1. Among B:Leu202, B:Ser245, B:Pro615, pick out the residue whose Cα is farthest towards the positive end of the charge dipole of chain B, where Lys and Arg carry +1 and Asp and Glu carry -1 on C-beta, about the Cα centre.
2. Write down the Å³ per residue value for the convex hull defined by the alpha carbon atoms of segment B:72-154.
3. When we measure straight from the Cα of B:Lys548, which aspartates and glutamates land under 18 angstrom away, once same-chain ones fewer than 8 places off are left out?
4. Taking the Cα centre as origin and putting +1 on Lys and Arg beta-carbons and -1 on Asp and Glu beta-carbons, what dipole magnitude results for segment B:535-664, to the nearest 20 debye?
5. Run the dipole for chain A about the Cα centre, Lys and Arg Cβ at +1, Asp and Glu Cβ at -1, nothing else charged, and hand back the magnitude in debye, nearest 20.
6. Mind ranking B:629-640, B:531-542 by how tightly packed they are, going by the mean number of other C-beta atoms within 10 angstrom, highest first?
7. Total Lys pairs in segment B:607-706 closer than 27 Å by alpha-carbon, pairs eight or more apart in sequence or interchain only?
8. Measure out, as a whole number of angstrom, how far apart the alpha-carbon centroids of segment B:435-501 and segment B:632-706 sit.
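All of the numbers you see were taken from the coordinates with simple rules; none came from a lab. These figures come from a predicted structure and were not determined experimentally. Glycine gets a Cβ as well: all are built from the backbone with ideal geometry, and neighbour counts include every protein chain shown.
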Amino acid sequence: MEIQRLEPVIRQLRLAGVVGYSLLVMATVLPETMHFSNAVVVPYYLFIPGYSVALLLLQRGTVIDRIFYSVVWSMVIFASLYSIETVVPGSTVIPLNVIIPYLTIIVFVYDHLQGR
Amino acid sequence: MAALILMLPSIPQGRGQDPTYPSAQVLVTVHESVAYDLYGSSVSQAYGSVNGTVSSIGSSTTFHIISNIRPYSANLTYVANGKTTSEPEVPSSVTAQVATYPLTLPAHTTSFRFSISGSTTGVELLWRYLGSVPIIEVTGLGVPTNYTTHIVIPSGTILSQEYGPNGLSLPLSYKASPSGESGYSSFLVQPDVSLVVLQSDLFLPASIGVTCVALVIIALAALGLFGQGRQILQRLRRSLLNFVSTLHLSPLRRLRPGFRFRNLFQPRKLLALFLLCALLMASAAAIGGPDPRLKAYVVADPAEATIIQKNLQQVVGNTPIVVTPAQDYSDFAVMSSVGQFELAVFSSYPPAGVGEIQGFVVGGLGNVPVIVVDNSTNSALAKLIETTYPGKFLQVQNASALTSAEQHELASLLAASSRTNLFGLNLSVRDFNALVALEAVLSILLVFIGFCYLGSLASESSSQTDLTHLVSVLGAGIFVFVFSEALYVTVSSLLALPLSLHAVISGAHDLTAVGLLGFGGGSTPRLAAGFLGVLVGVVGARGSPPIKKSDLAFVLGIGLLLLANPFSIGQFVFQGLVLFLPLGNIAFGAAYVSSLSLKGFIYGVGSALGAGVTPTYLMSAGKMLFFAGLVPLAYLRKMGRTTMVIALLLVALFVGDGGVRIGEMTPDKTVIAIVPGLVIGFAFVFLILGLASIEKHVRGDWRSKG
C-alpha cells in the first residue's frame, strides 16, 4: 500500500535521474569536459538506453528480465547506431554521445507520459 | 566477372576514331536469343573485334585481351612491314568467367584485327529476359581505346532496363541502329552496360491487366461477395474427402495404428531425428571414406592441365581427378583443409592471374602432402612455395612430361602420404560415388530437419516465460548451426571430399558431394531446405500459433501483385527475387544496392562487436544473418496475425539464407558471427514489433489468438 503510494514519486525520480544522466553524457562532447572520467559514460551505455526501451516494451517481467533486456537493448542501440554511422556518409557529424542520450530521453519521456 | 568489370576503364575521349593516331576500336555485338518463360536459360551468340592502329610500334609488343565471351574461335590478323599475317586460332586461358588472350605483335606492325566469336548466357524469369552483355578489355597496349556495343533483339521486344558494372542501374540510353536482318532490331548501348532486362511489348498491358483483376478481386472480397464461392469450394472439398475415404487405405492405417504425421513435428522428436541423421552421415563417411581416387590441384593452363593429368595417371595407375583454378580457387583453403588434395602441381599460368591465385592458394598448401613445381612456374611463386614448404617441395623439369626418375620419386612420396579406409575396405569408385550421393542427400535433409526443429521449438505452446523461451530458441539455433557445420567438417574430412562449398561455380560435379547431384556448391538446395524447414516447423508444431490461410493468402497475394507490377516497385521486387535465385550470381538494381546497404549495416554491427579485427575471425554477413533470424523467430508468438506471417516469411528467408553458410565449413567465422548476429536480430525485432504495433492499432487487438 505504502509502496503503491510512493510509485509516482519513484517514477518522477527515475525520470529526473535518467534525464540528468543523459544530459551529463551529452555534455561530454564539449571540450570543457575532456577531464571527465570515462567511468561516467561506460555504465550509461551498458544499461540506460536499453533500460528505456525495456520499460517501453516489457509489460510484465521479473527483475532478471528487466536487467537482461536493458543490457541487450543497450548493446543493440549502440551497435546499430555505430553501424549506421559507418554506412551513411556524413552521419558522424553528430556524435553518438549526443544521439544515444537524446533518443534515450525521448523514449523515457514517452514512456513516462504513457503512464506505465 | 566482377574483377573484369572492375577493370573496365572509363571511355577515353578524343581522337580514337582518327586512323592516323595509334588507337584501338573495340566492337561488341550480341545477338540475344530472347525467350520469355517462367524460368529458364538460353545461350546467345556474341561477336567481338578489336581493330588497332599501332603505327608507333618499333619493337615487338605483347598485350592481353580479356573477354567474358565464351569463345568458339578467336583469330588475329596483323600487318607488319606491309605484309599481312593471320593466326587462325589464338590460344587462350579460360577461367570460369573470362578468357585471356595473350597477343604478340612483331616489330613494325602498323595495324591489327583480333576477332572472337562465341556465346554469352541469358536467363528467363517470370516472362522477363535478363541478357548479359559481353565485355572486351584491352590491357597493356598503351593506346586510347574506343568501345562500341550493339545489342540485336527480336522485333516486338522492349529493352526495359540497363545495368552497369556492380549492378548499378543506368538510364536507358540506347539508340536504334540498322540491324540488317528482318524481324530483328539493333540498338547501340553505352559500353558500360553489362546487363539488360528485356520484355515483350505485351508485358506492360498484361501486367496492368493482372493488377486490375487483382484489385477487383480484393474489392469483391472486401464487399463479402465470395460467400457463395466458399460454399462451392466446401462442397468440392467434402466430395474429395468422400472419394478418398472410399479408397482402401485402411490396411496401411492398421500397420501403424495411431500414427499421425503431424506428431513428428514436436521439438523432441525432431531433435532426435536431427541427431540420428547426423550419426548416420558420420557412420557412413567413416565406413566408406576416403575417396579412392587421387585428387590433384593443378595450377596450370587448362590445356596443359589435361596433359598433366595423363602424366599423373602413369604415376598412380588410375585416372586422377584434377581440379584447376578455373573451377575454384577461392575455396582452396577449405578444400585442402578437409584433405581433398594429396598433390598440388604448379606449372605455367597466365601472369595476370598468378597474383590472385597465389593469395588464395599458397596459404592452404600446408594441408597438401606433396607439392610439385616445374621450371615453367612463375619464378617468384616457385621460390615462395619452396621457402614456405621445403619438406613437401618436389622440383621437376616439366610437369607435362615427367621423367621416369621424377615419376618414381613422386610415386613414393604419394605412397607415403596416402590415406586408407578405417576398416580396411576398398570401395570401388562407383560404390564410393553412391555413398557420396547418399551423404549429399542426407546433408540437405540434416538442414531441413534441424531448421524444422528450430521452427517447432519457437512456435510450440509452452509454459515457459518469455525470457526462458527466448534463451531456449537462441541456444537451440546456435547448437543446430554449430553442430551441423562441425558435422559437415567431420564428414568431409572422412570422405576427403567437401560435402559442399560456398563459392564454387554452379554445375561443378567433381568438387563437392552435392555437386554429384548437379547442385555445384549446394547453396540453393540448402537455402530451400532451410526456408522450408522453418516454415514446416512453425506451422506443423503442436499448439503453434494459428496461421490463417486468409493472412497467408493476403501477404503472398500482395507479394505477387507487386511482382507483376510493371513500374519501379515491380522492378524492385523482381530484383529482390533474383537475389535469392540460382541464376549465376546475377544481382542488379535498387534491390541489390539495398541488400548491400543491409550487408553494410551487418558488417558495421560486426565490427562494433569485435568481428573482423584479425583475419582469423573474419566476418560473414550470411552467418550473422542466420543468428539474427533466430531472435524474431523466438518472438513469433508475440505478433499479430498478419505481422506474424510477414515475420515468418522474412525469418525463414534470413535463417535459410544464413543457413547456406553451414556448407562453408569455416568455424572461426561462425564463432565471431554469433554475438553480432543476435544483436542484429534484436534490431530486426524492434522493427517487426513496430509493424506489429501498427497492426494492433488497425485490428484493435494485440496478440494472435491461441
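1. B:Ser245
2. Looking at segment B:72-154, the number lands at 134 Å³ per residue.
3. B:Glu460, B:Glu695, B:Asp701
4. About 440 debye.
5. Approximately 280 debye in magnitude.
6. B:629-640, B:531-542
7. So the count works out to 5.
8. Each part's Cα centre sits 18 Å from the other's.
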